[in-house]
Amino acid sequence: MTTLAIIGGTGLTQMEGLTVTRREMVKTPYGAPSCPIVFGELGGRPVAFLARHGSTHRIPPHRVNYCANLWALHSVGVERIIAVGAVGGIGEDCLVGAIVVPDQIIDYTHSRESTFFDGGEDPVEHIDFSYPYDENLRQALISSARKAGDISVVDNGVYGATQGPRLETAAEIRRMAQDGCTIVGMTGMPEASLAAELGMAYACCGVVINPAAGTNDQPVDINALPAAIADAMTNARGVLMHTLQAESD
């Protein structure tokens, strides 16, 4: 049974090296997921892969059907999720190309379907979200990133989840830095909390593609992002391959 899934974000709409065995478009009570789930083997380990923004990267972060995505993965037997996402660096050590494995998250998003416990006939349920990321998965990612080669690894941090699809203002980043955020992204929530509601272990592999607004006194160079994303996701693929190979040993 495939118990581990990779959710790919911007720059990772397909998983190179994945030997595909089947694809399945899962029906859920929450509508359609972003795309079919791809099942196969990577590094000798069975894995499921889901492109968060769709296979053609057409779904913006605030329109992703997070409920459907997580429900679909859970329904096919996934118990653990590694979520890859492109992020901006706020902390001094979160430089372009670095792999950041955060241990905390702050939610600045709004108007997203953010829970499976949304009223109806079932009683209200609350989850403990004190520590949003699974520590075993975090440590596996950290260890693999350090083995993957010449990659800068940041083994903790706070992910600030913003609404998107626009990037943030310099003032917003200053506020987030004051709040303790070290990276900024647009898809970390409600993905992490929905996984927790379903009892799935979840960890984030944040790939820094640019300095966050105002951190280097320069505007974000939008035209340079595609090349930065391509380079950074090469690092992410290496980390994922090492993580799966370690599980096979």
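Given the conditions (1) buried (at least 22 other Cβ atoms within 10 Å of the Cβ); (2) in a loop (DSSP other than H, G, I, E, B), which single one is not true for TYR159?
Failing condition for TYR159: (2).
A quick yes/no check of all residues on (1) of a type in the set (Val, Ile, Thr); (2) touching a residue at least 24 places away in the same chain (Cβ under 8 Å); (3) assigned to a loop (DSSP other than H, G, I, E, B):
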{"site": "ARG58", "(1), (2), (3)": "no, no, yes"}
{"site": "ALA68", "(1), (2), (3)": "no, yes, no"}
{"site": "HIS74", "(1), (2), (3)": "no, yes, no"}
{"site": "GLY77", "(1), (2), (3)": "no, yes, yes"}
{"site": "GLU92", "(1), (2), (3)": "no, no, yes"}
{"site": "VAL96", "(1), (2), (3)": "yes, yes, yes"}
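Looking at ALA236, is it in contact with a strand residue (DSSP E or B) (Cβ under 9 Å, 6 or more places away or on another chain), modelled with pLDDT under 85 and not basic (Lys, Arg)?
yes
Considering only the stretch 223-233, state which residues are free of Cβ contacts under 8 Å to residues at least 24 places away in the same chain and touching a strand residue (DSSP E or B) at 6+ places or on another chain (Cβ under 9 Å). I'd like the intermediate steps shown before the answer.
To start, the set of residues in the stretch 223-233 that are free of Cβ contacts under 8 Å to residues at least 24 places away in the same chain comprises 223-227.
The answer is ALA224, LEU225.
Kindly check whether there is at least one residue in the stretch 82-104 that is in contact with a His (Cβ under 7 Å, 6 or more places away or on another chain) and within 30 Å of GLY40 (Cβ to Cβ).
Scanning the stretch 82-104, I find no residue that is in contact with a His (Cβ under 7 Å, 6 or more places away or on another chain) and within 30 Å of GLY40 (Cβ to Cβ), so the answer is no.
Go through the residues of the stretch 145-152 one by one and say whether even a single one is outside any helix (DSSP H, G or I) and either without any contact (Cβ under 8 Å) to a residue 60 or more places away in the chain or buried (at least 23 other Cβ atoms within 10 Å of the Cβ) (or both). Walk me through it before giving the result.
Keep residues of the stretch 145-152 that are outside any helix (DSSP H, G or I), which gives 148-152.
Subsequent filtering for residues that are either without any contact (Cβ under 8 Å) to a residue 60 or more places away in the chain or buried (at least 23 other Cβ atoms within 10 Å of the Cβ) (or both) retains 150, 152.
Looking for residues that are outside any helix (DSSP H, G or I) and either without any contact (Cβ under 8 Å) to a residue 60 or more places away in the chain or buried (at least 23 other Cβ atoms within 10 Å of the Cβ) (or both), one finds at least one in the stretch 145-152, hence yes.
Filtering the stretch 195-212 down to residues that are farther than 16 Å from GLY8 by Cα and either assigned to a loop (DSSP other than H, G, I, E, B) or of a type in the set (Ser, Thr, Tyr) (or both), which residue is nearest to the chain's Cα centre (by Cα)?
This residue is MET200.
Condition first: over 15 Å from the mean Cα position of the chain (by Cα) and farther than 24 Å from SER111 by Cβ. Now tell me which residues in the stretch 45-73 satisfy that.
Selection gives ARG45, PRO46, VAL47, SER55, THR56.
Among the residues that make up the stretch 129-140, is at least one of them surrounded by fewer than 17 Cβ atoms within 10 Å (Cβ to Cβ), touching a residue at least 12 places away in the same chain (Cβ under 8 Å) and part of a loop (DSSP other than H, G, I, E, B)?
Within the stretch 129-140, one or more residues are surrounded by fewer than 17 Cβ atoms within 10 Å (Cβ to Cβ), touching a residue at least 12 places away in the same chain (Cβ under 8 Å) and part of a loop (DSSP other than H, G, I, E, B).
Being among the charged types (D, E, K, R), touching a residue at least 60 places away in the same chain (Cβ under 8 Å) and surrounded by fewer than 15 Cβ atoms within 10 Å (Cβ to Cβ): is that true of ASP118 here?
Judged against the criteria, ASP118 is not a match.
The values are calculated or read from the model by the stated rules, or taken from the named source; none is laboratory data. Predicted, not measured: the structure shown is a model, and the values here were computed from it. Neighbour counts are summed over all protein chains in view; Cβ atoms, including those assigned to glycine, are modelled from backbone coordinates with ideal geometry.
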